[in-house]
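Everything on this sheet refers to the single structure shown next.
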Amino acid sequence: DVKVTQSSRYLVKRTGEKVFLECVQDMDHENMFWYRQDPGLGLRLIYFSYDVKMKEKGDIPEGYSVSREKKERFSLILESASTNQTSMYLCASSLSGALYGYTFGSGTRLTVV
Amino acid sequence: GNSVTQMEGPVTLSEEAFLTINCTYTATGYPSLFWYVQYPGEGLQLLLKATKADDKGSNKGFEATYRKETTSFHLEKGSVQVSDSAVYFCALSPPGNTPLVFGKGTRLSVIA
């Protein structure tokens, strides 16, 4: 069964901490994505990557960075966590092209206190 | 630009009722269209898709038809169950390799 695995389901961090959210896929997908999901705002794209060592900004990249050193792994980094980054974070992957949907991970609910 | 508009929820239905969740889109070119479902505490799962005009996607009793003339992709199910309670997202994939554009989601609650 193909999978996108996010390293933590729940995470609590302190303001100012550097936070790493890890995502691994086992489907040999080229594309990987990070979204955050907030009530009333739907899904918002933070960053995405179409290839190893490649990254593109999404709609809300401020306060975040990403790393893709290997094809199967895409990490989201909160450089200095703030309370307004408390959210559900969803990772997804896909094959290249418009015909394919995404496979999502189960999400990481991050609380910054 | 590309955008997806879906009906606001929440939608509350009794078991065995007919479900329609409206979705309309604006896109350049000919996008692929998707419906995703998110059960409580989980990530999104692909429910169905259609990649060209007049295609009908179907899965688990749900179906949606890609209507180019009305730029719509409404989700329907003839008889909902309590287990269908979830948030449903409509999405489009523009031609080429660009990120999906999602609607804001519609929460469905089905009561016994």
Problem - Probe 1.4 Å, protein heavy atoms only - accessible area per residue of chain A in square angstrom - result: 49 Å²
Completion exercise
Among GluC sites (Glu not before Pro) in the range B:60-102, those in a DSSP loop whose Cβ has at most 12 other Cβ atoms within 10 Å are B:Glu69
Exercise for the section: Please calculate the 1.4 Å probe accessible area of B:Asp55, with all protein chains present, and give it to the nearest 10 Å². Expected result: 40 Å²
Problem - Kirkwood hydrodynamic radius over Cα pairs of the protein assembly as shown, then Stokes diffusion coefficient at 4 °C and 1.567 mPa s, in µm²/s - result: 72 µm²/s
Exercise for the section: Can you sort A:Arg109, A:Arg14 by 1.4 Å-probe accessible area, starting with the largest? Expected result: A:Arg14, A:Arg109
Fill in the blank from the handout: Listed by chain and number, the aspartates and glutamates with an alpha carbon less than 16 angstrom from that of A:Lys71, same-chain partners under 8 positions apart left out, are A:Glu22, A:Asp26, A:Asp28, A:Glu30, A:Asp51, A:Glu56
Practice task
Figure the gain on full extension for A:Ser65 and A:Asn84 (residue separation times 0.36 nm, minus the Cα-Cα span) and round it to one decimal in nm.
Solution key: 5.2 nm
Exercise for the section: Just list whichever of A:Lys18/A:Lys53; B:Lys56/B:Lys77; B:Lys56/B:Lys104; A:Lys3/B:Lys68 have alpha carbons separated by over 25 Å in the model shown. Expected result: A:Lys3/B:Lys68
Handout entry: Zero-based 5 Å bins, Cα pair distances in chain B, whole percents
Key = 2, 13, 24, 25, 18, 10, 5, 2, 0
Handout entry: Candidate residues A:Arg44, A:Arg73: accessible-area rank, largest first, probe 1.4 Å
Key = A:Arg73, A:Arg44
Handout entry: Delta accessible area of at least 20 Å² on complex formation, residues of the range B:98-112, 1.4 Å probe, chain isolated as reference
Key = B:Pro99, B:Leu100, B:Phe102, B:Lys104
Handout entry: Given A:Lys70/B:Lys60; A:Lys55/B:Lys49; A:Lys13/A:Lys57, the pairs whose alpha carbons are separated by over 31 Å
Key = A:Lys70/B:Lys60
Problem - For chain A: Kirkwood Rh in Å [reciprocal of mean 1/r, alpha carbons] - result: 14.0 Å
Handout entry: Per-residue mean of C-beta atoms belonging to partner chains within 10 Å, peptide B:60-72
Key = 0
Handout entry: Spatial separation of Cα centroids for the range A:64-108 and the range B:9-59, in angstrom
Key = 22 Å
Fill in the blank from the handout: Quick calc: nm separation of the 7 Å Cα→Cβ label points for A:Lys3 and A:Met54 -> 2.8 nm
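The values are calculated or read from the model by the stated rules, or taken from the named source; none is laboratory data. Keep in mind it's a predicted model, so treat the numbers as computed, not measured. Note: ideal-geometry Cβ built from the backbone for every residue, glycine included; neighbour counts use all protein chains shown. What goes into the accessible areas is simple: the full protein's heavy atoms, side chains included, and nothing from ligands, DNA or RNA. Shrake-Rupley method; radii C 1.70, N 1.55, O 1.52, S 1.80 Å.
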